[in-house]
Amino acid sequence: MSTALPASFTDLPLLRGRNPLARRIETRHGFPILPGRFPVVGHLPAMAVDELGLLREGQRRFGSLFFWAPGVDAWQLIYASNEAFSLFKSKAVDSSYLTERGVGHIFGQTLMAHDGASHRRLRTAMNGPFSPKGLDAAEVGAIVAASVERKVRSWLGRRDVQLLRETRELALEVMFKITGVEDDELPEWRHYYEDLMLVVFSLPDVPGSPRRRGLRARAWLDERIRRILAGVRARGDAKGLLPALLEARDENGEPLSEQDLVGNLRLLLLAGHETSASVMAWCVAHLAKSPAVWRALREEASSAPDLPRSPADLRRFPFAEAVFREALRLHPPVPHDARRAVADFELEGRAVPAGTHVGIPLLLLSRDPERYPDPDSYRPERWLGRREALSPLEIAQFGGGAHFCLGYHLAWMEIVQFLVALGRTLPASGPRLQDGFPASRYLPVLRPAGGTRVRFDG
């Protein structure tokens, strides 16, 4: 007997994270507030299960400017317009909110939370090691390829693979391998990174609370990162990502401080595995749903002698890159970004008060029909033969806004390597979804539902 719910039932507000009792349209600073929020948690439940639907509803009902409440005592003015991306370059807003409250414990010491001269100082020093040339010099491609090949081979013949868990393990292993974490420590690091995410929610700091667990996790991670850096210094390692970061200098010839190194490495390890894992999982789901795409990927991958091992090698796999870019477009791991107004300013002729958090909905912009015809369809071919460079939007989907994610080139290489390994290793039947195409889950990053299962048994 089927337990599936009828479509009319699944459309009920509570099942979409909406409060059915909050229907009245309210305003804040003269802008409409999306209905359906709950006391205390606001729109977080709806954002977790249907952020795209929530954004589209707001755009349809209220146009390009409306408020939502992403959490405890939090408000954000969504700018649902193609002009929203220009906010990343506006001097009327900044990233300073990332140094405060719960998020400050994750972002406060990092590139993400700095603007202007302090951002340039950090970025100048860190750009080199994470550039294609820097990744080549550190021989990162070979390290990543070995982990990718081993993981994909372990799936061969398996009838039940929990997709997101496996891609998270792979992406976490990749990040740890290139920073010198030993294999037997992986479970412990994974545990503390999961606890670290608890500090994002501004909950009371009392014994046994999620916040206390998150703060304890941060202290553990920071101590371990310091220990790894000390080991690299003591050994005098010549090659690798960490030696390159220790040798990096800003525009004044100064090295990164210990605080800068620890904070940015903690964030890179966290963001680097969560975001890459989600995109890899979405790629597998789309390949399972699209046999023609799978066949084209397999043909390209099988015709090559080996996996790409450098950013330059990726040019030999244009279709694998197209599979990656289309999954990234439809499912950007960072579905929206935000800035805070440092002074009163105007948007579309309307006053936005100082202190207002303004949201840039990357997820919505990535599905703009003017940019991408048939925007909700998965069409990797739209990227083939393209002559123009990637737009700022298309390199912002891992986070970082106009600056784009520091680990962007690493993620690009890792995911294309992963796709080539799938095409070279799996049987002609390819991956098969066990229970249909997965639902989206949007927090802490946009990812397929955790229970998504795939078969690789041919």
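The values are calculated or read from the model by the stated rules, or taken from the named source; none is laboratory data. All of these numbers come straight from a predicted model, not from anything done at the bench. Note: ideal-geometry Cβ built from the backbone for every residue, glycine included; neighbour counts use all protein chains shown. The area values use the complete protein model at the heavy-atom level, side chains included, leaving out ligands, DNA and RNA. Shrake-Rupley method; radii C 1.70, N 1.55, O 1.52, S 1.80 Å.
Quick one: R123 ticks every box in (1) among the basic types (K, R); (2) open to solvent by 50 Å² or more (accessible area, probe 1.4 Å); (3) at pLDDT below 90 bar one, so which box is it?
(2)
Only one of (1) more than 19 Å from the chain's Cα centre (by Cα); (2) closer than 22 Å to A439 by Cβ fails for R28. Which number is that?
(2)
Scanning for something within 25 Å of R447 (Cβ to Cβ), in contact with a Pro (Cβ under 7 Å, 6 or more places away or on another chain) and open to solvent by 30 Å² or more (accessible area, probe 1.4 Å), does segment 23-40 turn up at least one residue?
yes
Select, from L229, L221, L328, L267, the only residue that is under 23 Å from W412 (Cα atoms), assigned to a helix (DSSP H, G or I) and open to solvent by less than 10 Å² (accessible area, probe 1.4 Å).
Working: L229 fails: under 23 Å from W412 (Cα atoms); L221 fails: under 23 Å from W412 (Cα atoms); L267 fails: open to solvent by less than 10 Å² (accessible area, probe 1.4 Å).
One residue alone meets the criteria, L328.
Okay, residues lined up against (1) within 23 Å of the chain's Cα centre (by Cα); (2) under 19 Å from R367 (Cβ atoms); (3) at pLDDT 90 or above:
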site	(1), (2), (3)
S2	no, no, no
N19	no, no, no
R24	no, no, yes
P32	no, no, yes
H43	yes, no, yes
E51	yes, yes, yes
P70	yes, no, no
W75	yes, no, yes
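Give the number of residues within segment 125-169 that are in contact with a helix residue (DSSP H, G or I) (Cβ under 6 Å, 6 or more places away or on another chain) and under 20 Å from P438 (Cα atoms).
5
Among the residues of segment 177-188 satisfying the criterion of being part of a helix (DSSP H, G or I) and modelled with pLDDT of 85 or more, which is farthest from D73 (Cα to Cα)? Working first, answer last.
So in segment 177-188, the residues part of a helix (DSSP H, G or I) come out as 177, 183-188.
Now narrow it down to the ones that are modelled with pLDDT of 85 or more: 177, 188.
Working: K177: 39, E188: 33 Å.
Ranking the candidates gives K177 first.
Pairs under 8 Å by beta carbon, first residue modelled with pLDDT under 65 in segment 198-210, partner loosely packed, with under 12 Cβ neighbours inside 10 Å, six or more apart or different chains?
Correct list of pairs: S202/D73.
Looking at A338, A312, can you tell me which residue is at pLDDT below 95 and more than 24 Å from L135 (Cα to Cα)?
Values: A312 fails: more than 24 Å from L135 (Cα to Cα).
Exactly one of A338, A312 is at pLDDT below 95 and more than 24 Å from L135 (Cα to Cα), namely A338.
This table checks each residue for (1) touching a helix residue (DSSP H, G or I) at 6+ places or on another chain (Cβ under 8 Å); (2) within 29 Å of D374 (Cβ to Cβ); (3) without any contact (Cβ under 8 Å) to a residue 24 or more places away in the chain; (4) hydroxyl-bearing (S, T, Y).
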{"position": "E326", "(1), (2), (3), (4)": "yes, yes, no, no"}
{"position": "P332", "(1), (2), (3), (4)": "yes, yes, no, no"}
{"position": "G349", "(1), (2), (3), (4)": "no, no, yes, no"}
{"position": "A354", "(1), (2), (3), (4)": "no, no, yes, no"}
{"position": "V358", "(1), (2), (3), (4)": "yes, no, no, no"}
{"position": "P361", "(1), (2), (3), (4)": "yes, yes, no, no"}
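Restricting to segment 126-154, and then to whatever is under 18 Å from V284 (Cα atoms) and in contact with a Ser or Thr (Cβ under 8 Å, 6 or more places away or on another chain), can you tell me which residue is most open to solvent (accessible area, probe 1.4 Å)?
So, considering only residues that are under 18 Å from V284 (Cα atoms) and in contact with a Ser or Thr (Cβ under 8 Å, 6 or more places away or on another chain), the one most open to solvent (accessible area, probe 1.4 Å) is R153.
Enumerate the pairs (first residue in segment 169-188 and more than 14 Å from R224 (Cα to Cα); second residue anywhere and open to solvent by 70 Å² or more (accessible area, probe 1.4 Å)) with beta-carbon separation below 8 Å, excluding pairs fewer than 6 apart on the same chain, so at least 6 apart or on different chains.
E173/D183
Name, by its number, the condition in (1) touching a His at 6+ places or on another chain (Cβ under 7 Å); (2) open to solvent by less than 10 Å² (accessible area, probe 1.4 Å); (3) among the hydrophobic types (A, V, I, L, M, F, W, C) that does not hold for A46.
Going through the list (1) touching a His at 6+ places or on another chain (Cβ under 7 Å); (2) open to solvent by less than 10 Å² (accessible area, probe 1.4 Å); (3) among the hydrophobic types (A, V, I, L, M, F, W, C), A46 breaks only (1).
If I ask for residues that are closer than 23 Å to T275 by Cα, of a type outside the set (F, W, Y) and surrounded by fewer than 20 Cβ atoms within 10 Å (Cβ to Cβ), which ones from segment 428-439 would you list? Walk me through how you get there before you give the answer.
In the first step, residues of segment 428-439 are kept if they are closer than 23 Å to T275 by Cα; the result is 431-433, 436-439.
Subsequent filtering for residues that are of a type outside the set (F, W, Y) retains 431-433, 436, 438-439.
Once the filter is applied, which keeps residues that are closer than 23 Å to T275 by Cα, of a type outside the set (F, W, Y) and surrounded by fewer than 20 Cβ atoms within 10 Å (Cβ to Cβ), segment 428-439 yields R432, L433, G436, A439.
Residues being more than 18 Å from P444 (Cβ to Cβ) and in a loop (DSSP other than H, G, I, E, B): count how many of those fall in segment 50-74.
Step one: of segment 50-74, the residues more than 18 Å from P444 (Cβ to Cβ) are 53, 56-67, 73.
Subsequent filtering for residues that are in a loop (DSSP other than H, G, I, E, B) retains 63-64, 73.
Counting residues in segment 50-74 that are more than 18 Å from P444 (Cβ to Cβ) and in a loop (DSSP other than H, G, I, E, B) gives 3.
Show the residue pairs that are 6+ apart or on different chains and have beta-carbon atoms under 6 Å apart, the first residue being within segment 447-458 and more than 18 Å from L330 (Cα to Cα), the second being assigned to a loop (DSSP other than H, G, I, E, B) and among the small types (G, A, S).
These pairs meet every condition: D457/G157; G458/S429.
Answer yes or no as to whether A69 is among the small types (G, A, S) and farther than 30 Å from Y372 by Cβ. Please lay out each step first, then the result.
Details: among the small types (G, A, S): yes; farther than 30 Å from Y372 by Cβ: no.
The answer is no for A69.
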